[in-house]
Every structure is written in C-alpha cells, then in structure tokens.
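Visitor: Quick one: structure below, then a few questions.
None of the figures in this text is laboratory data; all of them are computed from the coordinates on show. Because the structure is predicted, anything quoted here is derived from the model rather than measured. No Cβ is skipped: glycine too gets one built from the backbone with ideal geometry, and neighbour counts run over all protein chains shown.
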Amino acid sequence: MEVYKKQSLSETFKVYYDKRMIKILLLGAISGFPWVIIGSSLSLWLKEDGLSRSTIGWAGLIFAVYAFNYLWAPIIDRIKIPWLTEKLGHRRGWIVTMQSIILASLIFWSLVNPTTNLALVISIGLIIAIASATQDITVDALRIEQIGEHEGRSMQAGAAMAVVGWWTGYKLGGVIALNTAEFFQNLGLENYWQTTFLVLGIVIIACNIGLMFINEPQPLERTELQRQTDKMIEGKLGSSNIMTKSAAWLTGTVVGPVISFFKKNGFNIAIAILGFVFLFKIGEAFLGRMSVIFYKEIGFTKSDIALYSKGLGWVTTVIFTLLGGLFAIRSGVIKAMFISGVLMALTNLLFSLLAWYGKSELLFAVAVIFDDMAAAFATVAFVAFISMLVDRTYTATQYALLASIGTAGRTTLAASSGALVDWLNGDWGIFFIITAIMVIPSLVFLYMIKDKLKLND
C-alpha cells in the first residue's frame, strides 16, 4: 500500500505527467461523445419538433441498455472481431466496430423526421445506445489495462483523466452539436437537426483516427487465467468432449466474473457495494435528463445552453476533475465520495433558485459551475472506486457489471423525470429539491461498508 499523506501537492500532481494519462483522456472522450447524440441532441430535436416532456423523458429509456451491457460484457472479454482483432488488437477492434455502427445510425437519422417517424427515430437511437454501451465496456477495459493493478495513485489519476476525457467528449461535443444546429437553423434549413447529425458523423471518424494512437497491452496473463478457469470447470464436469468444453467456456465466461466479485468481497459487502453503486447518482440523473428542457422553458437559446452548460461546464469540469483526482489520491476514494455526494445534493438546490428567479445568465452560470464541480468530484471518485474493485482476469465484465448497475439507477428511474415534472405541474423548483434528497440512501450504504472494503487506496 502506498503512502500519500507525506507527499506535497506538487509531488502528488506529478502523477498526471505520465504519458498514459493522455491516452486515457482520449479514451474518455471517445466514450463520452455518443451521450451528446442520444442525450442533449435527441432531447432538443424532439422538443423542437413539438413532442411533450413526458415523451422526451420516456424516450430516454434507450439509456437503459447501459444498465444491461454487463450481460454481453463477457463476450467482449472473450470473442475476437474477425480481421480487426488481428490488425488493431482485441479492444480496439471492438471499439472501431461500434463506432462504425454509430456512424451508420447518424446517417439514417439524417433521413427521418421524428414527428412522423417517432418509433423509427427512437429505434435508431436505441441502436446508437447499444453500440455506445458496448463500446464503453471495451473503452473502460482498455483504460484500466493501461495501468498496473497495484498502481493505486496512477489508477486514481487515470480515473480523473478518464472523467475529464468523458466530459470533454460530452461537453465539447455538445458545443459542436448545439452551435451547428443553431447555425443551420439560422440559415433557414427546415431539417437542421438532420444536417447536424451528418456533422457529428465527422466527429465519430475523428475519434477512430485518434484511437489508432492508443496502444493495446498484450493480454497474455488474462487469456491464460481464463483458460485455466475453463479447464477447472471442465474438470468438475467429469468428462472432456465438445459439450463439456462448450459448457465450461460458457460457465467461465458468464459466471466466473460474478463468483470472483462475491468471493473477493464477501456476500454481504458485495450486496452493499451494489446497493451503493445503484443509488449514488440517481439525483444527478434526474436533473441531467431534464436540464436542457428546463433551460429551454425558462428562455435560454441553444447558443446560451452551448456557452454556459457545455462550454463553461467543460472548463469547470476539467479543472475540478483534476482537483478531484488529487483529493481522492490524498484523502482516499471513500472520503471523496462522501463529500461529493453532499456537494451534489447542495448544488441541485441552485437550480431551484434559478427556477424561482427566472432567466438569469449570472445565476445560470453559477448553477452550472457548482453543479459541474460536484459532478466532477463525484464521478472521478466513483470511477476510481469501481476500477479498484475489478479483477484483472475479468476486467471488462466486472467493470461493466458495476458501471451498468449504477447506470440502471440513473436511466431506468430517471426515465420518469419528465412525468415527475408534469405531475408537479411544471414546478421546477420542487423538482430540483427532490433530486437533491435522492443522494441520501446511497450515502447510508457507503457508511455501512466504508471500513470493510478491500481497496488498494
């Protein structure tokens, strides 16, 4: 276990100088950008085509696939993409494949109208979400594998850089999407969003080019351990033929990662970890799902949202993610998660003030800055937390399992966010107060297990 308390702040910051951090930053950006497409862009597209808040909220159910990507994560760990795996590597082959699917989907979106083809629009959005969720499995695995299993400081710094990258892809991607849409709208194009999606396709191509600069570590140890697990299961089955070999492979692929997680932590602690992961960012998700709709309803334009929520938000997020990484390194991820959880609740209340006051660029900027600060601290601590919990034998599967459980809370429950606002008769102030309260149950779970976790912290 490394000791961090005796280090100066400047010495601690040196961990960011590692060239691996740039690669992790890029991987994060690749992961974050698709959320712009099926999040802010899709929501405003539907809003500006006259669809209701409830419809937009329920359309967000496509994000639920992120909650279930662990189901096919074992395939990502074990199955190779023909030709691409050989040429690019196991992880990069999968990423390029998923990026290609997203690109094709954007082209299809450019050809349809949500007013007359809502089901088709949502179906294509679902395809993008599935490809993005699958890509995330691979991106997270490749990111974790850039750093040695016992490099605690580097893992926490890597988590910070991954979060910076994710928000860079999401925030700057949002700047591109919103400003492009407004530009084409001002030109008088009727289908300005459809044209915007073609521009976003160019960003996808750029992401693939950037991916080629990220090397992929050779997975010799992982492959061998997986093979040993298959042989152990095969031995327990008592015979060796095509049926038992297939059964052993399937069992080792699907069940092995779950058994490994519960064995490492113990059943009770493992359940408590899953409870915390599920609940931690629900309030943030409710706010995020409806944020652009809220901004639009109180009078902000797409360029205003791009400037404050995306542009200013990105700067804030980058700064405080790096600071959050330093804080997590020096104080530990558990303490960092407690503090960030409280900050998330408090900053949500600023949006209540904005709702009651009305359109104010100053208050908008203040709310965005503090919200992104809290989100940055919370996300980097959360990513570091679950990264430290995974077994390198099942990197993709275990990380996907933990991340998807967190996503399950955020996506499935937050799908009702629009309906909740409608039930409150459009009282945004009360809505944001409710989102602030949502973080409390997760902190109770974390308090229960904080002294029993096994982390290389």
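Visitor: Go through S260, I298, I273 and say which Cα lies farthest out towards the positive end of the charge dipole of the chain; charges sit on Cβ, +1 for Lys and Arg, -1 for Asp and Glu.
Guide: The residue sitting farthest along the positive end of the dipole is S260.
Visitor: Would you please give the FRET efficiency between N113 and N215, computed as 1/(1 + (r/R0)^6) with r the Cβ-Cβ distance and R0 = 41 Å, to the nearest 0.05?
Guide: Values: r = 43 Å, r/R0 = 1.06.
After rounding, the FRET efficiency stands at 0.40.
Visitor: Right, here's the next one. Using the Kyte-Doolittle scale, find the helices of the chain whose mean hydropathy is at least -1.0 and whose Cα atoms extend 24 Å or more along the helix's long axis, counting only whole DSSP H runs.
Guide: Helices passing the filter in the chain: 20-36, 90-109, 118-145, 192-211, 313-331, 333-357, 361-389.
Visitor: Okay, moving on. With r as the distance between the Cβ atoms of I319 and K450 and R0 = 45 Å, compute the FRET efficiency 1/(1 + (r/R0)^6) and round to 0.05.
Guide: Computed FRET efficiency for K450 and I319: 0.95.
Visitor: Listed here are the pairs K87/K310; K23/K47; K23/K263; K281/K450; which of them are more than 27 Å apart at the Cα?
Guide: Numbers: K87/K310 36 Å; K23/K47 36 Å; K23/K263 32 Å; K281/K450 18 Å.
Too far apart for the 27 Å limit: K87/K310; K23/K47; K23/K263.
Visitor: Dipole size in debye (nearest 20) for the chain around its Cα centre, Lys and Arg Cβ +1, Asp and Glu Cβ -1?
Guide: Computed about the Cα centre, the dipole is about 1020 debye.
Visitor: For the stretch 304-457, what class follows from the C-alpha gyration tensor (a ≥ b ≥ c being the square roots of its eigenvalues): rounded when a/c is under 1.5, otherwise prolate if a/b is larger than b/c, else oblate?
Guide: It is prolate, given that a/c is not under 1.5 and a/b is the larger ratio.
Visitor: If you don't mind, another one. Please give, to one decimal in nm, the separation of the simple spin-label points placed at I269 and L187, each 7 Å out from Cα toward the Cβ.
Guide: In this crude label model, I269 to L187 measures out at 5.8 nm.
Visitor: Can I ask one more? Just grab the label-to-label distance for V258 and A419, each label 7 Å out from Cα along the Cβ direction, in nm (one decimal).
Guide: 2.8 nm
Visitor: Taking every pair of distinct Cα atoms and averaging 1/r, then inverting, what Kirkwood hydrodynamic radius in Å comes out for the stretch 245-372?
Guide: Kirkwood radius, the stretch 245-372: 17.6 Å.
Visitor: Here's another thing I want to ask about it. Starting from the Cα-Cα distance between E48 and A104, subtract it from 0.36 nm times their residue separation and give me the gain in nm to one decimal.
Guide: So the extension gain works out to 17.8 nm.
Visitor: Before rounding to the nearest 500, sum -39500 (n - 2.57) across all DSSP H runs of length at least 4 in the chain and divide by the residue total; then give [θ] at 222 nm in deg cm²/dmol.
Guide: Counting only the DSSP helices, I get -23500 deg cm²/dmol.
Visitor: Output ³J(HN,Hα) for the stretch 74-86: one whole-Hz value per residue in order, computed from phi by the Karplus curve 6.51 cos²θ - 1.76 cosθ + 1.60 with θ = phi - 60°, and x for Gly and Pro.
Guide: Along the stretch 74-86, the couplings run x, 5, 5, 6, 10, 8, 9, 7, x, 6, 5, 4, 5 Hz.
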